[in-house]
Amino acid sequence: MGHEKKQPSRRLVRNLAWMILVVGGWGVVGAGCSGNPVLGAMESDANGYICSACGERFFTARNVFAECCPKCRQPNLVELVGYTCPGDDTLTIALRGAGSVACLQCRAALSGFKLPLAEEFKAWGAIERTPAEVLFQAP
């Protein structure tokens with residue numbers, strides 16, 4: 001009888017896949033420790049929203065995800081993101097997925113969004129809201 005080539009077991013393949021994911025995860029965490037500007041742009045202490053029904057601008061703590069507008073109680077919310085102009089360092093806050101966004105100061109086209117901080121939402125005119133104000137059934 002001939003020699004048959006053994007296939008690796010599914011368990012071995014699954015364990016190898018998990019090891020690759022874990023090692024890759026360590027690389028991502030390590031990149032965050034090195035001051036990676038891309039990862040820094042995705043860190044914030046707040047979530048910003050604008051109500052498409054009444055125009056209310058507000059933000060919540062990072063661990064609170066609004067379900068409704070605190071003013072009109074409608075669920076028509078759009079998340080907000082920021083764009084920093086490389087020319088004059090101006091922060092422009094806009095709707096997530098708004099398409100082309102221009103700098104408020106120099107009108108240059110912007111790309112590469114970041115998540116604004118609570119202080120940046122405040123400077124933009126947004127009001128901080130509590131879970132009781134933005135959740136249908138507050139915890």
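For the listed peptides 97-106, 128-137, a ranking on the average number of other beta carbons within 10 Å per residue, highest first, reads 128-137, 97-106. Extension gain for Leu95-Lys71 works out to 6.8 nm (0.36 nm per residue, less the C-alpha to C-alpha distance).
Mind ordering 44-55, 63-74 by average Cβ neighbours within 10 Å, highest first? The partial results should precede the final answer.
On the way: 44-55: 18.5, 63-74: 15.8.
With the highest mean Cβ count within 10 Å placed first, the list reads 44-55, 63-74.
Taking the DSSP beta bridges with both ends in the stretch 44-134, the antiparallel portion is around 90 percent.
Since every read-out is calculated from the coordinates, none of them should be taken as a lab result. Note that the coordinates shown come from a computational prediction; the quantities given were computed from them, not determined experimentally. Quick reminder, even Gly has a Cβ in these numbers, built from the backbone with ideal geometry, and neighbours come from all protein chains shown.
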